[in-house]
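The values are calculated or read from the model by the stated rules, or taken from the named source; none is laboratory data. Since we're looking at a predicted model, the values are computed, not measured. Heads up, the Cβs are rebuilt from the backbone with ideal geometry, glycines too, and the neighbour counts pull from every protein chain shown. Just the protein is used for accessible areas: all its heavy atoms, side chains included, with ligands, DNA and RNA removed. Shrake-Rupley method; radii C 1.70, N 1.55, O 1.52, S 1.80 Å.
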Amino acid sequence: MIVYFARHPTAANLLMLVFVILGLVALPGLRRESYPEFEPSQIRISAAYPGADAEIVDETLVQGIEEAIAGLDGVAVMTSQAREGSASITIDVEDKVPLADVLADVKSAVDGLRDLPPDLDPPVVAAATRRAPVASIAVTGPMSAQDLKLYCEQLRRELLRDEHIAQVTIAGFSTHQILIQLKQSALARHGLSVVDVAAAVQAQSVDSPIGTIERAGGDILVRYSDKRTDVSALAELVVKGAAGGAEIRLADVAEIEDTFAVEEEQTQFNGERACTLGITKTAWQDSLDVLGSIEAFLADQELRKPTGVKLTLTQNVASAVADQIGLLFTNAWQGLLLVFVTLWLFFHVRLAFWVAVGLPVSVLGSLWVLEQLGQTVNMMTMMGMLVALGLVMDDAIVFAENFAAHRERGASAMRAAVDSAKQVASGVVSSFLTTVAVFLPLMGIEGRIGRVLQVIPIVLVAVLAVSLVEAFFILPNHLAHAFRDVDPNAKSKARAWFDAGFARFRERRLGGAVDFAVRHRWATLGVMVALLLGSVGMLSSGRLRYVAFPAAEGDVAEFGWRCRRARRWSARSRRSTGWWPRPGASTTG
């Protein structure tokens, strides 16, 4: 095969063209995101219990659900949170246990509960879907909190019209409500009770179907729509008719206020009351496409927004993806330039050029392989690609040096290309298999870290496999053709000067250092053993610490505090592993 491709330029060039075209075609289809997507391994149970504080929710709802599901197979860790009016329980499923089986068991256990409060909304059990954050928009302006939320809801609807934006959440407010505070003196004066007013509001604020009117041309659906959803409409609601045709309205006996359930629950941005629009993406969306749509939306809103309103892009997570891609391209062209210059210093410029060409060809071919395997462009694939670039260049330099040695011994260009490829084939393939053997165990790591790291060996194997094809079936033909009319003994003055200088350095400096080490072999061995023991000591003593991922320099500072006295901020949380947690595992904040 090596001889065939070396002697047939059409086959070698066509193979290279196929790699380039496949890579360019696959490139637009590769999604860009922060971290790899993987199958969900969590189940989330959520339930609403309006009017109940965190302690009641924990005792009557959370503990009952925990007891029902704690003994189920496949449940690794269970984390519970009880808040005012709601509860959530997150279940981490054990590795290698099918999520669907555990999900079915949890649904059956929750549906079988009979001692839950009667006014409780049915708990919702579903597999936790991973929503990757992209960015947030902070909205501030000289308006009330109610108007700010209405404006943000309008912005949310406009954002969702974009085909690249599928998920937008509004944060910065608690539950929106209309508060009716009755005046005891007015109730007594008009002979009304709290029950009378509540019945009047319930009866006159209605939106429900009444029935159907049948006719020859078609049925007509009849609906009574008089839902009072704002302060002015509720103020005009009649609660009692007085003598002489007079009417007593709700505004006469109550103060009506448009407010939020917990006024303290709010977001501040640069010292101003703010609303944040959090944009997340699904597993099939591209982070940078979503970010581009957000930036275009902000540019459009700058021309249309009300006076004094500010829309600021914040929590821009997708920018890290762009930085990683930019880093890859920067490292690629810098490495390509260094390889070219280094090879040019020691070998012929044509040899340096064709060896350097193999790098982009290998990368483009591997992109097609990654696209076929369903991989994405993320921080882990970028890490694997950066490691692979160095390994690809190592193999190419080995082949180039052997080709140059054959040419110096007088072999023709074709014979040098074929023989050098055959001679280094076993060593290069062994190097490839060794690399695979070292990195392949990463795919066997269990847990979330394992699912994140398993893409690195996939990228490495893809890039190195394509580079092997390029080195043995494409590069020999190019070198044989490029050096067909080049005299191997012809050297320029600059080349002769550099070769002579390097030979002196090799014989005098480097050779002298090797001779010294050989003459003092026991001292050299002692120094090496001391360095080895020092390295082991650094690990065993803890001076060289182990972390799964290095701490990256960030630009965000976070802090938090706990309010112990405020009942409306109370919350209860519990985290358990395996069976039922210890009594002391429950905390109240």
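For GluC sites (Glu not before Pro), the sites in the range 436-543 that DSSP calls loop and that have at most 15 other Cβ atoms within 10 Å are 446. Over the chain, accessible surface divided per residue gives 58 Å², non-protein components excluded, 1.4 Å probe.
Centroid-to-centroid, using Cα positions, the range 331-353 and the range 117-180 are 54 Å apart.
Say a paramagnetic label sat at a point 7 Å from the Cα of residue 313, along Cα to Cβ; which residues of the range 266-297 have their backbone N under 16 Å from it? Answer for the range 266-297: 277-281, 286-297.
Sum up the charges of everything whose Cβ sits under 15 Å from the Cβ of residue 527, counting Lys and Arg as +1 and Asp and Glu as -1, but leave residue 527 out.
+2
Give the angle, between 0 and 90 degrees and rounded to the nearest 10, that separates the Cα long axis of helix 379-408 from the longest principal axis of the Cα atoms of the chain. Helix 379-408 sits at roughly 10 degrees to that axis.
Full extension of the chain segment joining residue 113 with residue 268 gains 51.7 nm, where the gain is 0.36 nm per residue of separation less the Cα-Cα distance. Solvent exposure of residue 210, expressed as accessible area, is near 110 Å², computed with a probe of 1.4 Å over the protein chains only. The phi-based Karplus calculation (6.51 cos²θ - 1.76 cosθ + 1.60; θ = phi - 60°) puts the 3J(HN,Hα) values of the range 168-174 at 9, 10, 9, 10, x, 9, 8 Hz, whole numbers, x for Gly and Pro. Sorting 344, 522 on solvent-accessible area from highest to lowest, probe radius 1.4 Å, gives 522, 344. Against the empirical curve 2.2 N^0.38 Å, the C-alpha radius of gyration of the range 114-174 lands at a ratio of 1.59. Note on exposure: 240, 281 ranked by accessible area (1.4 Å probe, complete protein assembly) read 240, 281, with the most exposed listed first.
Per the Debye formula on identical point scatterers at the alpha carbon atoms of the range 1-139, with no solvent, log10 I(q)/I(0) at q = 0.14, 0.22 Å⁻¹ is -0.77, -1.25. Legend: residue pairs 107/149; 227/281; 96/281; 183/227; 149/227, Cα-Cα distance threshold 31 Å; pairs beyond threshold, 107/149; 227/281.
The value given for the range 109-212 is a Kirkwood hydrodynamic radius of 19.7 Å, derived from the mean inverse Cα-Cα separation.
For the range 185-200, 3J(HN,Hα) computed residue by residue from phi via the Karplus equation (6.51, -1.76, 1.60; θ = phi - 60°) reads 5, 5, 5, 5, 5, 9, x, 10, 10, 4, 5, 4, 5, 4, 5, 5 Hz, glycine and proline entered as x. Assuming a ≥ b ≥ c are the square roots of the Cα gyration tensor eigenvalues, decide whether the range 462-539 counts as rounded (a/c under 1.5), prolate (otherwise, with a/b larger than b/c) or oblate. Oblate, since a/c reaches 1.5 and b/c is not below a/b.
Stretching the chain fully between residue 487 and residue 174 yields a gain of 104.6 nm (0.36 nm per residue, less the alpha carbon separation).
Fully extending the segment from residue 518 to residue 429 would add 28.8 nm, taking 0.36 nm per residue of separation and subtracting the current Cα-Cα distance.
At a Förster radius of 51 Å, what calculated FRET efficiency corresponds to the Cβ-Cβ distance of residue 222 and residue 67, to the nearest 0.05? Efficiency for this residue pair is about 0.60. Could you tell me the calculated FRET efficiency between residue 341 and residue 153, based on Cβ-Cβ distance and R0 = 51 angstrom, to the nearest 0.05? Computed FRET efficiency for residue 341 and residue 153 comes out at 0.30. For the range 131-265, the share of accessible area belonging to carbon and sulfur comes to 50 percent (1.4 Å probe, ligands and nucleic acids excluded). For the range 362-469, what percent of Cα pairs sit more than 18 Å apart? In whole percent, the long-distance tail amounts to 54. Qualifying trypsin sites (Lys or Arg not before Pro) in the range 380-444, where qualification requires a DSSP coil assignment and no more than 13 other C-beta atoms within 10 Å, comprise 409.
Residues whose amide H falls under 5 Å from that of residue 249, counting only those 5 or more places apart or on a different chain, are 239, with hydrogens built in the peptide plane.
The alpha carbons of the range 236-360 stretch over 111, 32, 29 Å along the principal axes, in descending order. Each residue of the range 364-373 was assigned a 3J(HN,Hα) from its phi angle through the Karplus expression (A = 6.51, B = -1.76, C = 1.60, θ = phi - 60°), giving 5, x, 5, 4, 5, 4, 5, 5, 5, 7 Hz with x at Gly and Pro. Post the alpha-carbon centroid distance, the range 449-517 to the range 249-288, in whole angstrom. Here the two parts' Cα centres lie 61 Å apart. Within the full protein context, the accessible area of residue 156 is estimated at about 90 Å² for a probe radius of 1.4 Å. Roughly how many nanometres apart are two label points built 7 Å out from the Cα toward the Cβ at residue 394 and residue 257? My value for the distance between the label points is 7.0 nm.
Seen from all directions on average, the chain presents a Cα convex hull projection of 46.3 nm².
Kindly provide log₁₀ I(q)/I(0) values, in the same order as q = 0.10, 0.15, 0.21 Å⁻¹, from the Debye equation applied to equal alpha-carbon scatterers of the range 386-537. Reported log10 I(q)/I(0), two decimals: -0.62, -1.01, -1.16. Extending 7 Å from Cα along the Cβ direction at residue 540 and again at residue 3 yields two label points whose distance is 5.7 nm.
Per-peptide packing, taken as the mean over residues of other Cβ atoms within 10 Å, places 477-489, 508-520, 373-385 in the sequence 373-385, 477-489, 508-520 from highest down. Residues with amide H under 5 Å of residue 254's amide H, sequence separation 5 or more or different chain, H placed in the peptide plane at 1.01 Å from N; which? Sorted by chain and number, the residues that satisfy this are 183.
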